[in-house]
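A.B. asks: I have a structure I would like to understand better, so I am pasting it below and will then ask my questions one at a time.
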4 protein chains.
Amino acid sequence: MAYFKLVEYDKPSLRDPALVQGLPGIGLVGKLAVDYIIEELKLPKIAELYSGYLLLPEGNAGVFIELNGTFNLPRYEFYLYRDESKDVVFLAGNTQPVAWGQYDVAERVLDYFESLGGKRVIVVCGTTAAASGEERVYCAADDPETVEELKKHGFRVSLSGSVTGAAGVLPGLAKVRGMKSLILMGSTQRTYMDPEAAKEVIKALVKLLDIKIDLGNLDKMIDEFKKREEEMAKLSELWERMAERARREPEQPWYV
Amino acid sequence: MAYFKLVEYDKPSLRDPALVQGLPGIGLVGKLAVDYIIEELKLPKIAELYSGYLLLPEGNAGVFIELNGTFNLPRYEFYLYRDESKDVVFLAGNTQPVAWGQYDVAERVLDYFESLGGKRVIVVCGTTAAASGEERVYCAADDPETVEELKKHGFRVSLSGSVTGAAGVLPGLAKVRGMKSLILMGSTQRTYMDPEAAKEVIKALVKLLDIKIDLGNLDKMIDEFKKREEEMAKLSELWERMAERARREPEQPWYV
Amino acid sequence: MAYFKLVEYDKPSLRDPALVQGLPGIGLVGKLAVDYIIEELKLPKIAELYSGYLLLPEGNAGVFIELNGTFNLPRYEFYLYRDESKDVVFLAGNTQPVAWGQYDVAERVLDYFESLGGKRVIVVCGTTAAASGEERVYCAADDPETVEELKKHGFRVSLSGSVTGAAGVLPGLAKVRGMKSLILMGSTQRTYMDPEAAKEVIKALVKLLDIKIDLGNLDKMIDEFKKREEEMAKLSELWERMAERARREPEQPWYV
Amino acid sequence: MAYFKLVEYDKPSLRDPALVQGLPGIGLVGKLAVDYIIEELKLPKIAELYSGYLLLPEGNAGVFIELNGTFNLPRYEFYLYRDESKDVVFLAGNTQPVAWGQYDVAERVLDYFESLGGKRVIVVCGTTAAASGEERVYCAADDPETVEELKKHGFRVSLSGSVTGAAGVLPGLAKVRGMKSLILMGSTQRTYMDPEAAKEVIKALVKLLDIKIDLGNLDKMIDEFKKREEEMAKLSELWERMAERARREPEQPWYV
């Protein structure tokens, strides 16, 4: 039996909560979206899940060292959003389960979420499917009726293909349990991280769940991020020009 | 313990049923054969089996997205054929178990099949062994007597070698349980898919099980498939001629 | 829990039996030795062990097809040698467990062997350590006293290094159980198979266990094997000469 | 369930012992440090832990052959240090668990250590983070208070990054259990082994745990080690000069 340990900081009584999962994946879209909501709204942590299937990003077991010199095993963290009319549990994490642990980890998440009375699962992630204009968010759902509803919200419907990793397994297993589940995918062409796609996904969540959140800080982060991208682009252009000059004048050392 | 979930839509009372498994493999022969029978005869689904060992074809856990925007985990599906004198359970699927899950998945299939009163297992698949003329189907069986019977039906006997994957493990484990089991392999030289080999396998099943089925639609599919193959062949011939012309006239840009 | 199934054909009452394991490995030395003894003495099979950790040699799950068209899962087979004064159980097999199943499989073997009253384990295998003259068999044992005894029999003592696979794990786990165990390694420089090294190992077993066996058929097999090796060597020499001639006369087609 | 076997040679009654783990890893720093302490102080062995997750360094299951011709499975060994005021358990080993067994093995270690009444875990290992002067030992801890204390001892605080393998998993899981835990990392730039970094780590342990030990033999080993390094450096210089001469005089055979 693989190692699992659920640490509960609070055992809240919730009103038909939804679960929103955002983990590392394509363009870090899902993780950026959920992390931003948690940070911006200063949501309290209610639980942590540890597992022998949650490894460091490079595939080794081990601990992350935080900026203050403390260490922690890779883990899932559950945060609670509450307003006058509803409850939402956000699931954030710094890693995905290894391939052969995806089902076990997702089952533990669903067990915990059911113990909170939850029956609806939403996953946010990135997709490399291209999109343009207003419709930068793709969707898929457990049944055709939900697909139709999502269409009315302006999301594009994914037709064929697959969703890999925890972003697919969690809603897939939720469906087998008879829970409602859907996937929101922010279209991205960036490989490392894409805060703009994350913003589209946050807007989609706001629309679906009627969450109150200010996107001002996210816009600042996007501006900052784009400025750095431009600087990097200029630097690599400069670098290439120097390299070419060195190639054209091989007799001269390049630093002259 | 790996994740397993059997969803039963019907608990039929069956008369000594046979199980026929056809999963993705060499030339897609087994899958094409069983899928055609299920589609053509509009067989009702009686059960689904989900497992953490059933991954997407590329080896990741995840969900398939269907053409209507809904998603499903990879799964085995059981369909029921009945006529006045007999019952046959067909096992279809969109994936094979991972190597280390083959035994566990096959054991679950046999447990379920035994709960239906079944004691005979047939697997259909492809083989790269060459064959010609009338005898395009190879066979192997759990005991020499069955091998002799299959020979009389005109099948070629496999002598040495191995059958890998679910097509070997299911009948192998059935034999250890004392069940009768045999393998029918359609000879194919095509790597991606071979509907002609699938047709030979369907004819073999018809002969062995006395199933009533019209192969007209299959013949149409084969014609269609061959036409496309020819178009592809012409296209690649054209492409090669253009490439050669470009090679012979290097001073000229190729598009002149 | 991985799949295991022990099939017992006989439940003999044994007199402090030894277990001798010979499985596929370096130069096939261990397998050839044990298979020869079983064949030559026509030993009866008393049990088979099936496991989800016993895969086909290429690492896939599946079945072997025998020369008569029947199939079998990879398995361990236990055979019984008896003479007036002692009993020996021989363990033969057509595969080794996968790396992550070595301990579980070896534990099942030891459980079964202990149920027969056994307390002594001998493993035969090959080694790439060079040796010459009379001393072509290396040894290692669970305690220094046994090492000294083996030395007196003329075996070379392995000093440092490791024994990988089932040939190491079975005696290693036997030692942890407090059983006596030792390893006999036939020195071989052949990669595929080495019947001469196997003969040295059989002679070592005869010496240690006082087994009565005629090696005449083995000598015939070795002669046969060497003759084929020589033919292969001549063929590849001829092939190389033809290839060189083709290289020296590039204008001519090679078949002129 | 994976194979685990704890062999206890002694069941000592201990006074709030600390556990110090030093296993093979970067620069062999942790292993060299703990092995030196055990050897120099001739600590008695109190237990061994065997596991199917402890493989040979190359990733195969098997046994090590010792210099006297006996064999042993890879294992963890527990040694006991006692003086008038305190007890320390040292954990040494000749291998690390495979990636997917790290959690299970660490849990067994913690179970055993808790059965001895222990609540504090220290891991020593190497790190490739560069350091200079007096501060050649990096540290990380389970909470910020311990980090502050370690700083006062003159250790550098790791800020971000990760600790992989058993050196991270053991303290990570200890933290989840509510035990105190910390990591001491000797900075090393040597890939194979670094006895100088090990010395820094031993000095750190002496400071933290107030252990009495003579480092004279370690200094001799370091001198010996450096002498051999210099000889190797001279040899490879000579080798390169010969190779270069051969390159400059291509018409001549290199051995003239």
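The values are calculated or read from the model by the stated rules, or taken from the named source; none is laboratory data. Model, not experiment: these values are computed from the prediction. Neighbour counts are summed over all protein chains in view; Cβ atoms, including those assigned to glycine, are modelled from backbone coordinates with ideal geometry.
A.B. asks: Looking at (1) under 24 Å from B:Gly59 (Cα atoms); (2) among the hydrophobic types (A, V, I, L, M, F, W, C); (3) more than 11 Å from chain B (Cβ to nearest Cβ); (4) in a loop (DSSP other than H, G, I, E, B), which is the only condition A:Ala131 fails?
C.D. replies: Only one criterion in (1) under 24 Å from B:Gly59 (Cα atoms); (2) among the hydrophobic types (A, V, I, L, M, F, W, C); (3) more than 11 Å from chain B (Cβ to nearest Cβ); (4) in a loop (DSSP other than H, G, I, E, B) is unmet by A:Ala131, namely (1).
A.B. asks: Still on this model: Any idea which of D:Met185, D:Met193, D:Met179 is out of contact with any helix residue (DSSP H, G or I) (no Cβ under 6 Å at 6 or more places or on another chain), in contact (Cβ under 8 Å) with a residue 24 or more places away in the chain, aliphatic (A, V, I, L, M) and under 19 Å from D:Leu32 (Cα atoms)?
C.D. replies: D:Met185 is the lone residue from the list that is out of contact with any helix residue (DSSP H, G or I) (no Cβ under 6 Å at 6 or more places or on another chain), in contact (Cβ under 8 Å) with a residue 24 or more places away in the chain, aliphatic (A, V, I, L, M) and under 19 Å from D:Leu32 (Cα atoms).
A.B. asks: Answer yes or no: is there a residue in the stretch B:102-123 that is among the acidic types (Asp, Glu), within 21 Å of C:Ile65 (Cα to Cα) and without any contact (Cβ under 8 Å) to a residue 12 or more places away in the chain.
C.D. replies: Narrowing the stretch B:102-123 to residues among the acidic types (Asp, Glu): B:104, B:107, B:111, B:114.
So of that shortlist, the ones also within 21 Å of C:Ile65 (Cα to Cα) come out as B:107.
Those left that are additionally without any contact (Cβ under 8 Å) to a residue 12 or more places away in the chain: none.
No - not one qualifying residue is present in the stretch B:102-123.
A.B. asks: What residue, among those in the stretch C:134-144 that are part of a strand (DSSP E or B) and within 10 Å of chain D (Cβ to nearest Cβ), is nearest to D:Lys5 (Cα to Cα)? Write out each step before concluding.
C.D. replies: So in the stretch C:134-144, the residues part of a strand (DSSP E or B) come out as C:137-141.
This time we only want the ones that are within 10 Å of chain D (Cβ to nearest Cβ), so: C:138-141.
Numbers: C:Tyr138: 29, C:Cys139: 26, C:Ala140: 23, C:Ala141: 20 Å.
Checked the stretch C:134-144; the qualifying residue nearest to D:Lys5 (Cα to Cα) is C:Ala141.
A.B. asks: Would you confirm whether any residue within the stretch B:170-177 is under 17 Å from the mean Cα position of the chain (by Cα), surrounded by 14 or more Cβ atoms within 10 Å (Cβ to Cβ) and within 21 Å of B:Leu41 (Cβ to Cβ)?
C.D. replies: Among the residues of the stretch B:170-177, not one is under 17 Å from the mean Cα position of the chain (by Cα), surrounded by 14 or more Cβ atoms within 10 Å (Cβ to Cβ) and within 21 Å of B:Leu41 (Cβ to Cβ), which makes the answer no.
A.B. asks: Six or more apart or on different chains, Cβ under 8 Å: which pairs go from a residue in the stretch C:1-26 that's closer than 19 Å to C:Pro74 by Cβ and within 14 Å of chain B (Cβ to nearest Cβ) to one that's assigned to a loop (DSSP other than H, G, I, E, B) and of a type in the set (Phe, Trp, Tyr)? Could you list them?
C.D. replies: If the second residue must be assigned to a loop (DSSP other than H, G, I, E, B) and of a type in the set (Phe, Trp, Tyr), the pairs left are C:Ala2/C:Tyr53.
A.B. asks: Can we say C:Gly178 is part of a loop (DSSP other than H, G, I, E, B) and more than 9 Å from chain D (Cβ to nearest Cβ)?
C.D. replies: yes
A.B. asks: Exactly one condition in (1) farther than 20 Å from C:Glu200 by Cα; (2) at pLDDT 85 or above is not met by C:Gln252; state its number.
C.D. replies: Tallying (1) farther than 20 Å from C:Glu200 by Cα; (2) at pLDDT 85 or above, C:Gln252 fails exactly one: (2).
A.B. asks: On to the next question. Taking strands (runs of 3 or more DSSP E) that do not extend beyond the stretch C:1-107, which have at least 1 residues that are of a type in the set (Phe, Trp, Tyr) and surrounded by fewer than 24 Cβ atoms within 10 Å (Cβ to Cβ)?
C.D. replies: Here the list reads C:4-8, C:45-51, C:62-65, C:76-82.
A.B. asks: Moving on to the next point. State whether the residues of the stretch D:99-113 include one that is under 17 Å from the mean Cα position of the chain (by Cα), away from chain A (no Cβ under 13 Å) and of a type outside the set (A, V, I, L, M, F, W, C).
C.D. replies: The answer is no, given that none of the residues of the stretch D:99-113 is under 17 Å from the mean Cα position of the chain (by Cα), away from chain A (no Cβ under 13 Å) and of a type outside the set (A, V, I, L, M, F, W, C).
A.B. asks: Give the residue that is farthest from the other protein chains (Cβ to nearest Cβ), with candidates limited to residues of the stretch C:181-190 that are of a type outside the set (A, V, I, L, M, F, W, C) and in contact with a strand residue (DSSP E or B) (Cβ under 7 Å, 6 or more places away or on another chain).
C.D. replies: Checking each candidate, the answer is C:Thr188.
A.B. asks: Let me ask you something else. Answer yes if at least one residue in the stretch A:182-197 is closer than 17 Å to A:Gly126 by Cα and among the acidic types (Asp, Glu), and no otherwise.
C.D. replies: yes
A.B. asks: Still on this structure, I have one more. Among the numbered conditions (1) over 15 Å from the mean Cα position of the chain (by Cα); (2) within 14 Å of chain D (Cβ to nearest Cβ), tell me where C:Val121 comes up short.
C.D. replies: It fails just one condition, (1).
A.B. asks: Is there any pair with a first residue in the stretch D:214-235 that is among the β-branched types (Val, Ile, Thr) and a second that is in a helix (DSSP H, G or I) and modelled with pLDDT of 90 or more whose Cβ atoms are under 7 Å apart and which are 6 or more apart or on different chains, and what are they?
C.D. replies: Qualifying pairs under 7 Å: D:Ile222/D:Pro195; D:Ile222/D:Glu196; D:Ile222/D:Lys199.
A.B. asks: Considering only residues of the stretch D:145-161 that are facing another protein chain (nearest Cβ under 7 Å) and either in contact with a His (Cβ under 8 Å, 6 or more places away or on another chain) or outside any helix (DSSP H, G or I) (or both), which is nearest to D:Val98 (Cα to Cα)?
C.D. replies: Checked the stretch D:145-161; the qualifying residue nearest to D:Val98 (Cα to Cα) is D:Gly161.
A.B. asks: Which of (1) more than 9 Å from chain C (Cβ to nearest Cβ); (2) out of contact with any Cys (no Cβ under 7 Å at 6 or more places or on another chain) does B:Thr164 not meet, given it meets every other one?
C.D. replies: For B:Thr164, the failing item is (1).
A.B. asks: Can you tell me which residue in the stretch C:157-176 is farthest from D:Lys5 (Cα to Cα), limited to those that are without any contact (Cβ under 8 Å) to a residue 24 or more places away in the chain and of a type outside the set (Gly, Ala, Ser)?
C.D. replies: C:Val157
A.B. asks: Separate question: If I filter the stretch D:200-221 for residues that are modelled with pLDDT under 90 and part of a loop (DSSP other than H, G, I, E, B), do I get at least one hit?
C.D. replies: Of all residues in the stretch D:200-221, those modelled with pLDDT under 90 come to none.
No: the stretch D:200-221 contains no residue that is modelled with pLDDT under 90 and part of a loop (DSSP other than H, G, I, E, B).
A.B. asks: Also, I was wondering about something else. Say whether the condition of being touching a Cys at 6+ places or on another chain (Cβ under 6 Å) and within 24 Å of C:Asp111 (Cβ to Cβ) is met by at least one residue in the stretch C:175-192.
C.D. replies: yes
A.B. asks: Could you please give the count of residues in the stretch B:108-142 that are within 15 Å of B:Gly178 (Cβ to Cβ) and crowded, with 16+ Cβ neighbours inside 10 Å?
C.D. replies: Qualifying residue count, the stretch B:108-142: 8.
A.B. asks: Could you pull out the residue among A:Ile37, A:Ile65 that is at pLDDT 95 or above and either under 24 Å from D:Ala174 (Cβ atoms) or not hydrophobic (A, V, I, L, M, F, W, C) (or both)?
C.D. replies: On the way: A:Ile37 fails: either under 24 Å from D:Ala174 (Cβ atoms) or not hydrophobic (A, V, I, L, M, F, W, C) (or both).
When all the criteria are applied, what remains is A:Ile65.
A.B. asks: Sticking with this one: Out of C:Leu32, C:Leu91, C:Leu49, C:Leu80, which single residue is within 14 Å of chain B (Cβ to nearest Cβ), under 21 Å from the mean Cα position of the chain (by Cα) and at pLDDT 95 or above?
C.D. replies: Among C:Leu32, C:Leu91, C:Leu49, C:Leu80, only C:Leu49 is within 14 Å of chain B (Cβ to nearest Cβ), under 21 Å from the mean Cα position of the chain (by Cα) and at pLDDT 95 or above.
A.B. asks: Something else: Go over the candidates D:Ala197, D:Ala167 one by one and state the one that is part of a helix (DSSP H, G or I) and under 24 Å from A:Pro57 (Cα atoms). Outline the logic, then answer.
C.D. replies: Working: D:Ala197 fails: under 24 Å from A:Pro57 (Cα atoms).
D:Ala167 is the lone residue from the list that is part of a helix (DSSP H, G or I) and under 24 Å from A:Pro57 (Cα atoms).
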